Every structure is written in C-alpha cells, then in structure tokens.
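One structure is given here, and the rest of the page talks about it.
The values are calculated or read from the model by the stated rules, or taken from the named source; none is laboratory data. All figures in this text were calculated on a predicted structure; none of them were measured in a lab. When we count neighbours, we look across all protein chains shown, and the Cβ atoms used for this are built from the backbone with ideal geometry, even at glycine.
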Amino acid sequence: MIKPNSSHGYYTVGDQIYLNKPEALYQASMRKQTVEWHFHDDVFGAIDWTVRPAGTIRELYKQRAQQLRDNYDYIIVNFSGGSDSWTVLNSFLANGIQVDEVYTRWGRAERNYRAANPTDFDAGNLGSEYEYAVVPVLEYIEKNYPKINIVVNDYSECLQGELTEKMFFQSNQYQAMPSFFRFNQKSTYELEQERKHKRIAVVHGYDKIRCTSKDGNLYSYFTDTIGGTNDDPSRQFELFYWTPDFPSIPVLQSHCIKDFFKERPEFIKSLMSKYYPPSNEEYYKLVHREVCYPDYDPTTFQVGKSRGSILWKSDSWIMSYSPDYYKSWRWATGQFTKSIDDQYLSKLSGVTVGLKPYRSPLYLVSTGENLTPFAVRVDMIIK
C-alpha cells in the first residue's frame, strides 16, 4: 500500500486509500467495512511524547514560521480572527518574518439580513467576528505592514448557483452551506504568483491538540476536523501546528497543558464552576487559549462554534439570500446521509449535524498523573 503525501492524512477502507472523507464513508457503508484515519502515524508514532521538547511555545512558533518562509516564495495566512489563526499570523509578524498575503473569507451578503451584534455570543452570530475580530487586525496590518496583500473574499455570489453531488463529494471535512467555496478561492495576487510558477503556501491554523486521561495516564491525539483541500498542485496546504515537518509543536503543547493543570488549580476550579460538565468544548478552548496562545487577547470578540460539519446556525441567512441554493444543498446533503451507515453520523437531539470525527492513536505524554479535570472528558466524542 503506497501512502499518499497529504497534509490532511488519509483514510483506509480495507486495502483502499481515500483522501476524501465522504468518499471513504460511502465506500465503507457499501462494502460493510470499517474506516480508519491515518495522520502521519509513522512520524508522530516514532516520537517519545513523554520527553518535553526544548524551548518555549513562542520559540517553536517562531521556528515554524521561519521554516515556512524558507521553503516558499509566497506565503498566504488564512485568517479568521480566532486564537488559532491569530497566533499563526503573530508568529510571523512579531518575529519580523515576512507574510505575503493575509486572506479572510466571509459571506458579506449576510448583512442584508442580519446586523452585526457585539453583545450576542451565540454560534449563530459567527458573522459578527468579521467586524469585531477581523477588521481591527486588518486595519492594523494595513497601517503597519503596507507590503502585505490583504484579501477579503466575499463568497456570497458563489451561493447563488446550485450545489451538485460532485461538489458535495469534493468538500472533504465540512459540508455546511458555504464550505464548498471557502477554501478553493484564490486572490489575484496568488494567481499572479501561480503564473510565475512560484512556490505558494496556504497556511492554516488547524488545530488544538487534544488531551485525555486514561488509567491515570495523560495522552494526546489528533482529530480529522481539518478544513480545506490538498488537491491543487499549484499551492501547498500547510498546517502550522500539526505537521510532520515540525512535530515538536504538539508535543510541547501537550506538556504545557499538563503543567498548567498541575500548577494552576485555581484557574481550573473557576472554569469547572462555570462550565459543567468539563466536557464542554468552551472549557477546553479556554484552557488551550490560556496555555498555548499566550499572546492572544482573550477579550477579542468570539462566539460559540457549531459542533457539526454540516449544520451551522450561522448559515441561516442563506435560506433567504438564495433559496434555490439552500434547496440544492439540502437535497445533496440528504442524499449523502441516506447513503451511508448511521454510525458515521454525528447527531444532537436526534438531528444530524455532521459526520463523526476520527482520531489518531493515543500518544502517551505522562504516566501516573492525577489530573482530575481530564478524568472527566474534556475532548469531543469521537470515533
């Protein structure tokens, strides 16, 4: 079996390899076989995760940014305003490492149906992160880094067409209404570099390393909830944090999280009183932000995030904006979910909200740890 070189990892169904998750789940359902996800297991499995890497989080982020700069002619940072992508961008700028383009994508037609609201933190208000988390950063970059190309991609017009089954299967990890257009658009700046045959990297801030406690031991693992595609030969999809080219970052993050839980019991206690049970995703996000994103402003406007890969509360405006697209999306989604085994679907209150995520093997970080918050799940329910 020849293993593909994909930053997203790959799926296996029997002896067949698939880069596309919907296709893998469909084939597994038809052939009555199991699905496995492989995420650079040969690299991360060969590392002794119990050994803390040298250096600080900031130092490793700087080294990763420089590694990318050395390997590419044109670097695009995908920026959403959240802590993941903000830290990626800051790792370049704070260390004087050149970024060529900052790219952000939003359906701006939403403002015809719903105003931005700085006091609503519900997941349905995701679009307001553009005004209150993204725009201030873009204005700062425009003023202080005039050589950086700033691109705001409004994918609204893409939603005026019809979603076909072929497009649905090309979506990979996410099947929400705008997902089919959010990752494959290119700016005029990138197209110019493409014509010059430059080495182009599209850098994404996926994702937060997951930790769990089992039998008194602490483990870390990866999940397959990685957006975007890796099938365009003119550009390279680069994960900033999760990469076999710089595997020490998630290992150090794991050790920092372990130390934090032991050294900051008062912080954990306050979180547990606010977010109960501890499996609440918001709880884990706050811990990770505190530990692994030390320079991120915690007062930045952020709303809750939808848990599924298909159903997002923030997409409701599209039903009014483009009823025909909404109907085609519903049809294609329904056809697909009916064609795969129910075990592959993630549901809330009986409603299908997405495809179930998969995880990598568990990697042992530390033994004999009495990390009570981890004993009650802080991770997502995954395969």
**Complete:** Over the range 224-268, the set of residues surrounded by fewer than 20 Cβ atoms within 10 Å (Cβ to Cβ), of a type in the set (Phe, Trp, Tyr) and either free of Cβ contacts under 8 Å to residues at least 24 places away in the same chain or part of a helix (DSSP H, G or I) (or both) is Phe260, Phe267
**Request:** For Gly9, state whether it is surrounded by 20 or more Cβ atoms within 10 Å (Cβ to Cβ) and modelled with pLDDT under 95.
**Result:** yes
**Item:** One residue from Lys62, Lys21 being charged (D, E, K, R) and within 17 Å of the chain's Cα centre (by Cα)
**Value:** Lys21
**Request:** Could you please let me know if Val152 is surrounded by 20 or more Cβ atoms within 10 Å (Cβ to Cβ), over 21 Å from Arg64 (Cβ atoms) and of a type in the set (A, V, I, L, M, F, W, C)?
**Result:** no
**Residue in the range 1-38 that is nearest to Ser360 (Cα to Cα), counting only those that are of a type in the set (Gly, Ala, Ser) and in contact with a Phe, Trp or Tyr (Cβ under 6 Å, 6 or more places away or on another chain)** = Gly9
**Asked** Exactly one of (1) buried (at least 18 other Cβ atoms within 10 Å of the Cβ); (2) more than 23 Å from Pro146 (Cα to Cα) is unmet by Ser29. Its number?
**Response** (1)
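Let's see how each residue does on (1) touching a Leu at 6+ places or on another chain (Cβ under 9 Å); (2) modelled with pLDDT of 95 or more:
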| residue | (1), (2) |
| --- | --- |
| Val99 | yes, yes |
| Ala115 | no, yes |
| Tyr140 | no, yes |
| Lys143 | no, yes |
| Glu157 | no, no |
**Request:** Of all residues in the range 94-110, count the ones that are surrounded by 16 or more Cβ atoms within 10 Å (Cβ to Cβ), within 26 Å of Cys158 (Cα to Cα) and without any contact (Cβ under 8 Å) to a residue 60 or more places away in the chain.
**Result:** 3
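Kindly provide the set of residues from the range 294-315 that are hydroxyl-bearing (Ser, Thr, Tyr) and either at pLDDT 95 or above or closer than 17 Å to Cys158 by Cβ (or both), ordered by number.
Matches in the range 294-315: Tyr296, Thr300, Ser314.
Within the range 77-93, can one find any residue that is in a strand (DSSP E or B), crowded, with 22+ Cβ neighbours inside 10 Å and either touching a residue at least 12 places away in the same chain (Cβ under 8 Å) or in contact with a Lys or Arg (Cβ under 6 Å, 6 or more places away or on another chain) (or both)?
yes
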**Residue check for Ile249: modelled with pLDDT under 95 and hydrophobic (A, V, I, L, M, F, W, C)** = no
**Item:** Condition broken by Lys196, with the remaining ones in (1) modelled with pLDDT of 95 or more; (2) under 21 Å from Arg64 (Cβ atoms) satisfied
**Value:** (2)
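For the range 208-223: of the residues being of a type in the set (Lys, Arg) and surrounded by 16 or more Cβ atoms within 10 Å (Cβ to Cβ), which is farthest from Ile76 (Cα to Cα)? Lay out the reasoning, then the answer.
Taking the range 208-223 and keeping what is of a type in the set (Lys, Arg), we get 208, 210, 214.
Subset that is surrounded by 16 or more Cβ atoms within 10 Å (Cβ to Cβ): 208, 210.
Numbers: Lys208: 20, Arg210: 26 Å.
Checking each candidate, the answer is Arg210.
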**Request:** Report the residue count in the range 348-368 for those that are more than 25 Å from His40 (Cα to Cα) and surrounded by 13 or more Cβ atoms within 10 Å (Cβ to Cβ).
**Result:** 2
**Fill in**
When every residue in the range 163-190 that is within 19 Å of the chain's Cα centre (by Cα) and of a type in the set (Ser, Thr, Tyr) is compared, the one nearest to Thr352 (Cα to Cα) is Tyr174
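Return the residue satisfying two criteria in turn: it lies in the range 289-321 and is of a type in the set (Asp, Glu) and closer than 16 Å to Val88 by Cβ, and of such residues it is surrounded by the most Cβ atoms within 10 Å (Cβ to Cβ). Before the answer, list the steps.
Quick first cut of the range 289-321, residues of a type in the set (Asp, Glu) only: 290, 295, 297, 315.
From what's left, closer than 16 Å to Val88 by Cβ: 295, 297.
Details: Asp295: 13, Asp297: 11.
So, considering only residues that are of a type in the set (Asp, Glu) and closer than 16 Å to Val88 by Cβ, the one surrounded by the most Cβ atoms within 10 Å (Cβ to Cβ) is Asp295.
With respect to Ile57, is the statement that it is farther than 24 Å from Tyr189 by Cα and either surrounded by 14 or more Cβ atoms within 10 Å (Cβ to Cβ) or modelled with pLDDT of 95 or more (or both) true?
When the stated conditions are applied, Ile57 passes them.
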